[in-house]
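Trainee: Have a look at the structure that comes next, please.
The values are calculated or read from the model by the stated rules, or taken from the named source; none is laboratory data. Keep in mind the model is a prediction, meaning the values are calculated, not measured. Here the Cβ positions follow ideal geometry from the backbone for every residue, glycine too, while neighbour counts run over all protein chains shown. Note: areas computed on protein heavy atoms with side chains; ligands, DNA, RNA excluded. Shrake-Rupley method; radii C 1.70, N 1.55, O 1.52, S 1.80 Å.
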Amino acid sequence: MAEQEGIKKRKNDHLEITLKKNVSGKGITSGFERFAFIHEALPDINFSDIDISTNLFGKQIKTPFLLSSMTGGSERTFEINGNLAMAAESRGWALALGSGRAAIENPELEYTFSVRKYAPSIPIIANLGAVQLNYGYGIEECKRIVEMAEADALVLHLNSLQEVIQPEGDTNFAGLTKKIESLCKTFPFPVGVKEVGWGIHGRLAKTLFDAGVSFVDVAGAGGTSWSEVEKHRSNNPNTIAAAEALESWGIPTVQCLLSAKEHSANGFLIASGGLENGMEAAKAFVLGAGLAGYGRTILGEAVNSPDVLSQRLAGIELQLKVTMFGIGARSFADLKNSTNLVER
């Protein structure tokens, strides 16, 4: 029982810290400022004809956007997951949930991830820390996490530096590549891998695709730093100093995309990590992403209500469409094939 209460407290602590503290990486950006679009004065399209729909896991969705993995595992986070699911359904965004480990450890918390009733049509991605494959988790636990969320896929998150700083952290990452490969061979759902904000470089992306993963979320630096988050939970001076030494650590999201595209040209990439608006998403799509994810950027609205969050999501969609109009791209495919993005 004490361990279960500890998990719930950790989830609530993470939520409070990310909402109230400055936990962005210091001295590092996502890198999107490196690129600019060439304005097309005669776009030769009707703005009302612009179509940003796409496909994910065999489902047609209205937008190429993802609400990134954020939370779950406590009463309060269930309310937030409900808001995220309702807003995602109303706007046609995909939804990724926080780690389902809490519900495996305490089945009474399964309801905090059961949001399909709020989002019957969109793709939902369940989530587990990859390191748990070294701590007794296997295919059955992974299936349970997907099934309790009625999800379409599973993403395994990589958070090695968070685990090192976290007081309760699990730090044995040895041999995980082989275990991920084994899971991909036998798992009945698509499996992806994501970072949590320090980025995945191209060589690792290729290794993961070669191991059988269906998608990679590069989750680059420029947004939330989870060593900063864990720093605020620590009372150990050495741990706090280590977190401060890591405050500018990571690979900018743009660099991740460029490197991943170079090494694994045909792999499905998700861009997350510090994205603030729809224009940055447009840049990510031209640079090779098939989906763009937003996390802490929209968390404040998610805590408020699904209606407030839906308004924010609509604004991001409009920013994408305006950008597309500015370069004469009528469809999502036109955008991805655009030659109007240049390095400054």
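Trainee: Of the peptides 114-124, 89-99, 235-245, how do they stack up when ordered by the mean number of other Cβ atoms within 10 Å, highest first?
Mentor: 89-99, 114-124, 235-245
Trainee: Kindly write out, for segment 267-275 in residue order, the coupling ³J(HN,Hα) from the Karplus curve 6.51 cos²θ - 1.76 cosθ + 1.60 (θ = phi - 60°), rounded to whole Hz, with x marking Gly and Pro.
Mentor: Each residue's phi maps through the Karplus curve to give x, 7, 10, 10, 9, 9, x, x, 5 Hz.
Trainee: A further question on this structure: On full extension of the chain, what length is gained from Glu343 through Ala265, given 0.36 nm per residue of separation minus the C-alpha to C-alpha distance?
Mentor: The span from Glu343 to Ala265 would gain 26.1 nm if fully extended.
Trainee: Please enumerate, by chain and number, the lysines with C-alpha under 17 Å from the C-alpha of Lys231, excluding those fewer than 8 residues away in the same chain.
Mentor: Lys9, Lys11, Lys20, Lys21, Lys26
Trainee: A further question follows. Peptides 199-210, 247-258: what's the order by average Cβ count within 10 Å, highest mean first?
Mentor: Going by the mean number of other Cβ atoms within 10 Å, highest first, we get 247-258, 199-210.
Trainee: Grab the DSSP H runs of the chain that are 4 residues or longer, score each as -39,500 (n - 2.57), total them, divide by all residues and round the 222 nm result to the nearest 500 deg cm²/dmol.
Mentor: Here the helix-only value at 222 nm equals -12500 deg cm²/dmol.
Trainee: Using a Förster radius of 25 Å, what is the FRET efficiency between Asp307 and Glu147 based on their Cβ-Cβ separation? Nearest 0.05, please. Mind dumping the intermediate values first?
Mentor: Values: r = 30 Å, r/R0 = 1.20.
E(calc), rounded to 0.05, equals 0.25.
Trainee: Here's something else I'd like to know. Please report, as a whole percent, how much of the solvent-accessible surface of the chain comes from carbon and sulfur atoms (probe radius 1.4 Å).
Mentor: Roughly 50 percent, rounded to a whole number.
Trainee: Using 0.36 nm per residue of separation minus the Cα-Cα distance, give me the extension gain between Lys21 and Ile139 in nm, one decimal.
Mentor: On the way: separation 118, 0.36 × 118 = 42.48 nm, distance 3.66 nm.
Extra length available between Lys21 and Ile139 comes to 38.8 nm.
Trainee: Next question. Would you mind listing how long segment 166-311 runs along its three principal axes, going by Cα atoms, in whole Å with the largest first?
Mentor: Each principal axis gives a Cα extent; for segment 166-311 these are 42, 42, 29 Å.
Trainee: Here's a follow-up. Just to check I understand the Karplus step: with θ = phi - 60° and J = 6.51 cos²θ - 1.76 cosθ + 1.60, what whole-Hz values come out for segment 170-178, glycine and proline as x?
Mentor: Each residue's phi maps through the Karplus curve to give 9, 10, 8, 9, 5, x, 6, 4, 5 Hz.
Trainee: With both partners inside the chain, how many of the DSSP beta bridges are antiparallel, as a percent to the nearest 5?
Mentor: Taking every DSSP beta bridge within the chain, about 20 percent pair in antiparallel fashion.
Trainee: Right, here's the next one. Can you give the alpha-carbon Rg of segment 214-253 over 2.2 N^0.38 Å, where N counts its residues?
Mentor: Scaled against compact globular proteins, the figure is 1.37.
Trainee: Here is a follow-up. Starting from the amide H of Met70, placed 1.01 Å from N in the peptide plane, find each other amide H under 5 Å away whose residue is 5 or more places distant or on another chain.
Mentor: For Met70, the qualifying residues are Gly98.
Trainee: If you take the charge dipole of segment 1-120 about its Cα centre, with +1 on Lys and Arg Cβ and -1 on Asp and Glu Cβ, which of Ser30, Gly58, Gly92 is farthest toward its positive end?
Mentor: Going by the Cα projections, it comes out as Ser30.
Trainee: Quick one: which of 181-192, 65-76 comes out on top by average Cβ neighbours within 10 Å, and what's the full order, highest first? Don't skip to the answer; put the middle values down first.
Mentor: Values: 181-192: 16.9, 65-76: 24.4.
Descending packing order for the listed peptides: 65-76, 181-192.
Trainee: What accessible area per residue, rounded to a whole number of Å², is obtained for the chain using a probe radius of 1.4 Å?
Mentor: Values: 13960 Å² over 344 residues.
About 41 Å² of surface per residue is accessible.
Trainee: Could I ask something else about it? Can you run phi through the Karplus equation (6.51, -1.76, 1.60; θ = phi - 60°) for segment 77-84 and list ³J(HN,Hα) in whole Hz, with x for Gly and Pro?
Mentor: Computed from phi, the couplings for segment 77-84 are 5, 5, 4, 5, 4, x, 4, 4 Hz.
Trainee: List the residues, sorted by chain then number, that are 5 or more residues from His157 or on another chain and whose placed amide H is less than 5 Å from its amide H.
Mentor: Leu128, Gly129, Ala130, Lys194
Trainee: Kirkwood hydrodynamic radius, segment 11-167, all distinct C-alpha pairs: what's the number in Å?
Mentor: Working: mean 1/r = 0.0565 Å⁻¹.
Every distinct Cα pair counted, the radius reaches 17.7 Å.
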